[in-house]
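To start, the structure itself, in structure tokens.
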Amino acid sequence: MNETIKAARLENVRDNLQNIFTLNDAKITRAFHQTFPEYQPTPLRNLKNLAHELGVNAFFVKDESYRFGLNAFKSLGGSFCLGKYIAERLGCDISELSYSKITSPEIKSKLGEITFVTATDGNHGRGIAWAANRLGHKAVVYMPAGTVEERLKNIIKLGADASITEFNYDNTVRFAADNANKSGWILVQDTSWPDYEKIPRWIMQGYLTMALEAVEQLNGVIPTHVFLQAGVGSMAGALAAFFADYYKDNKPVITIIEPNKADCIYRTARADDGNLHTVKGSMNTIMAGLACGEPCTVAWEMLRRYAEIYVSMPDYVAAKGMRVLANPLGDDGRIISGESGASTSGFVCELLQNQSLDYLREMLEVGSDSRLLCFSTEGDTDRRNYRSIVWDGLHPSF
């Protein structure tokens, strides 16, 4: 397990930085998602037997493999972002729009056909392709070198023009941005940089539906600890800010998990020098959805405000999470969780079962009264790799 740090509370957070990931924002976001015919809340699993085995009071996992039939949570950000963009084009608020209104002949005649372009490791691009298809527009999706064929085919099936580039993730983002500028397309990227922050904020706000469902499903139980996985940090930043606003003085301890081969958020927190720190190269990790080397600027502003602990961990910990969730104890619900989705659950299990991590348990103050919340952000989006890890325990990076 790589070194772990406790985040300093930085004093130089911009004074004009506002939390746009509040309970009210979440209600607006979910109201829009509820207009889609496919909308259903995803289940929150109460793993009582696993909690007992690990010596904690409660262990909850939100299972996003059921989201919109797409096996991952990313469609929340993609659909809300496209809705916000269309609302802006029409000069109205998203609260005035619905799925049926956006797809009506009247609105279609006003907008024509819009082409949205993005770069993706898989789930975000699939979410954009699905949302564009459902709302009657086009999607162009670029994927980094090393992307498995199954993820590419899943996007093509949704009507997108999708292809795999020769670049890593971050350079694929640059490629998508360049093509957007050349072709007059709309770049819908889930990471941000100076002068490109509005659309990433909308994507981040889309993830609030997942968080709002979770706190309602907890039915009054207040988690003491929340574990969030980070690639560029968009989902983690949005949810960290939401939980801080929702629970206020009872805010849970928030821990950010990354693969040690793509730990840009961890490096940025560790440096604590006011700059963003990146990871270069291929970032060869089984956690493909987290293989991102450059932090999202908007997400980092939220994380440095609201997260306490940052963890950089090896692949075998995520693999452990996949196997634990797939093989429940007693009557606990089974969760099919992919490499990125199971990363936080794997970390929790390793934390509570590995004696060499006593120092980290003390830092986190995890004990018998702790109530833990994780998000399984994807199912088996790469089924061959999922079976290889869960059935055989095999992967080149182990």
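For region 75-196, the relative contact order comes to 26 percent (Cα pairs under 8 Å, sequence separation of at least 6). Residues Asp331, Asp263, Asp161 in ascending order of nearby Cβ atoms (within 10 Å, fewest first): Asp331, Asp161, Asp263. Peptides 179-187, 37-45, 296-304 ordered by packing proxy, namely the average of other Cβ atoms within 10 Å per residue, highest first: 296-304, 37-45, 179-187. What does the C-alpha gyration tensor say about the overall shape of region 321-398? Classify as rounded when a/c is under 1.5, otherwise prolate if a/b is larger than b/c, or oblate. Prolate is the answer for region 321-398, as a/c is 1.5 or above and a/b outweighs b/c. The ranking of Trp193, Trp202 from fewest to most other beta carbons within 10 Å of each one's beta carbon is Trp193, Trp202.
Of the beta bridges in region 75-196, as assigned by DSSP with both residues counted there, near 10 percent are antiparallel. Please say if region 217-309 is rounded, prolate or oblate, where rounded means a/c under 1.5 for a ≥ b ≥ c the square roots of the C-alpha gyration tensor eigenvalues, and otherwise the choice is prolate for a/b larger than b/c and oblate otherwise? Note, shape of region 217-309 comes out prolate. Our coupling estimate for region 224-239, obtained by passing each phi through the Karplus curve with A = 6.51, B = -1.76, C = 1.60 and θ = phi - 60°, is 8, 9, 10, 10, 10, 8, 9, x, 7, x, 5, 5, 4, x, 5, 6 Hz, Gly and Pro reported as x.
Taking the longest Cα principal axis of the chain as reference, the axis of helix 208-217 is set at about 50 degrees. When DSSP assigns beta bridges and you keep just the ones with both residues in the chain, what percent turn out antiparallel, to the nearest 5? Around 20 percent of the beta bridges assigned by DSSP in the chain are antiparallel ones.
Protection proxy ranking of 120-129, 351-360, 337-346, by the mean of other Cβ atoms within 10 Å over each peptide's residues and highest first, is 337-346, 120-129, 351-360. A protection proxy built from the mean count of other Cβ atoms within 10 Å ranks the segments 63-75, 280-292, most packed first, as 63-75, 280-292. So how tilted is helix 123-135 from the main axis of the chain? Cα-based, degrees 0 to 90, rounded to 10. It works out to around 40 degrees.
Distance from the Cα centroid of region 75-148 to that of region 229-254 is 26 Å (rounded to whole angstrom). Normalised by 2.2 N^0.38 Å, with N the number of residues, the alpha-carbon radius of gyration of the chain equals 0.92. As I understand it, the value is the acute angle between the Cα axis of helix 23-33 and the longest principal axis of the Cα atoms of the chain; what does it come to in degrees, rounded to 10? For 23-33 against the chain, the angle is about 60 degrees.
A dipole drawn for the chain from +1 and -1 charges on Cβ atoms has a positive end, and of Asn284, Ala51, Tyr99 the residue lying farthest that way is Tyr99.
We did not get these values from a lab; they are worked out from the coordinates using the rules stated. Computed from a predicted model, the values in this text were never measured in an experiment. Note that we place each Cβ from the backbone using ideal geometry, even for glycine, and neighbour counts take in every protein chain shown.
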